[in-house]
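Worksheet for the structure shown next.
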Amino acid sequence: MSESNHAAQHIRAHLARVTELRGQAQCNGLVAAVQAVKHLQARRFRATYVDFMDDPRRAPATRFFLEELYGEHDFEERDAQFARIAGALERIFPPALSTLAVDLAEMHALTEALDHQMAGHWLALGDGIAAPERYVRSWRLTGQRTERERQLAVVQHMGQELQKHTRSKSLLLALRMMRRPAQAAGLSALQQFLESGFTAFETLGDAQAFLTTIADRERRWLDTLFDATRPACVQALERELARI
């Protein structure tokens, strides 16, 4: 199997899983709970990186991660575009972007699966529990530490790929030249994702310190959410959310 076919197979498998989970959420009455979990997670991410958002150099890359990877909005249109052109990805976009596309699809599937599991526990716990307590309990009932670690690894790899490719002026130019063809082909959401990532990391410059800080902060949160006593974990989450 060629590398491009291998990438397409992975993209389709990940996005099929996301579609399946969306359907299950509709059937099982979990849509509102999934959104509640995503909303609280988005608040926590914004609070954890509020200092980055105040830094003109780091803000675009931070916004890219928060909105394009952990955002609350519906990615259904972008997913459909990815799935539709997975097999032709390297013919439509520069070949160097296929790894980014696979990373995005895997990250999306991992996040959706974990959010779906948490939403089941969130719903079962009921509305009588404050959101930070409800989130911590849902997280611990879900478990899946390996998958959480994998999420972080994929984010780091995606950041490293963006850093590597932003050094290529020809690739940046080729991507920007794809705006009109992508729009004409109905791939504007996918084009926007790729271009916003490249633009953000071009502004960032050397991304190593940025990515290392993200890894350190997220690992501390993983350790807190999995290993701290529940009261200590809830208090830490409450303090973090109060920052914004």
Task: Residue list for region 25-54, restricted to those being of a type in the set (D, E, K, R), over 17 Å from R220 (Cα atoms) and in contact with a Phe, Trp or Tyr (Cβ under 9 Å, 6 or more places away or on another chain) - done: K38
- [ ] Among residues belonging to region 132-166 that are among the small types (G, A, S) and in contact with a Phe, Trp or Tyr (Cβ under 9 Å, 6 or more places away or on another chain), point out the one that is modelled with the lowest pLDDT.
- [x] G159
Open item on the list: Suppose we keep only residues that are of a type in the set (D, E) and surrounded by 14 or more Cβ atoms within 10 Å (Cβ to Cβ) within region 196-233. Which one would you say is modelled with the highest pLDDT?
Closed with: E218
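For region 106-130, which residues satisfy the criterion of being part of a helix (DSSP H, G or I) and over 22 Å from L69 (Cβ atoms)?
First, pick out the residues of region 106-130 that are part of a helix (DSSP H, G or I): 106-125.
Correct list: G120, H121, L123, A124, L125.
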TODO: Return yes when L173 is at pLDDT below 95, loosely packed, with under 13 Cβ neighbours inside 10 Å and either of a type in the set (D, E) or over 30 Å from A32 (Cβ atoms) (or both) and no when it is not.
DONE: yes
Task: Unique match (being loosely packed, with under 14 Cβ neighbours inside 10 Å, among the hydroxyl-bearing types (S, T, Y) and at pLDDT below 90) among S98, S2 - done: S2
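In region 5-64, which helices (runs of 4 or more DSSP H) lie fully inside it and hold 1 or more residues that are closer than 30 Å to T213 by Cα and at pLDDT below 90? It would help to see each step written out before you state the result.
Numbers: elements: 31-48, 50-53, 59-64.
Those helices (runs of 4 or more DSSP H) span 59-64.
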- [ ] Look at Q160 and say whether it is in contact (Cβ under 8 Å) with a residue 12 or more places away in the chain, out of contact with any helix residue (DSSP H, G or I) (no Cβ under 6 Å at 6 or more places or on another chain), polar (S, T, N, Q) and more than 24 Å from G29 (Cα to Cα).
- [x] yes
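Which of the residues spanning region 111-140 are β-branched (V, I, T) and in contact (Cβ under 8 Å) with a residue 12 or more places away in the chain? Steps first, please.
To start, the set of residues in region 111-140 that are β-branched (V, I, T) comprises 111, 129, 136.
Selection gives T111, V136.
The values are calculated or read from the model by the stated rules, or taken from the named source; none is laboratory data. What you see is a predicted model; the values in this text were computed from it and never measured. Cβ atoms come from the backbone with ideal geometry, glycine included; neighbour counts cover every protein chain shown.
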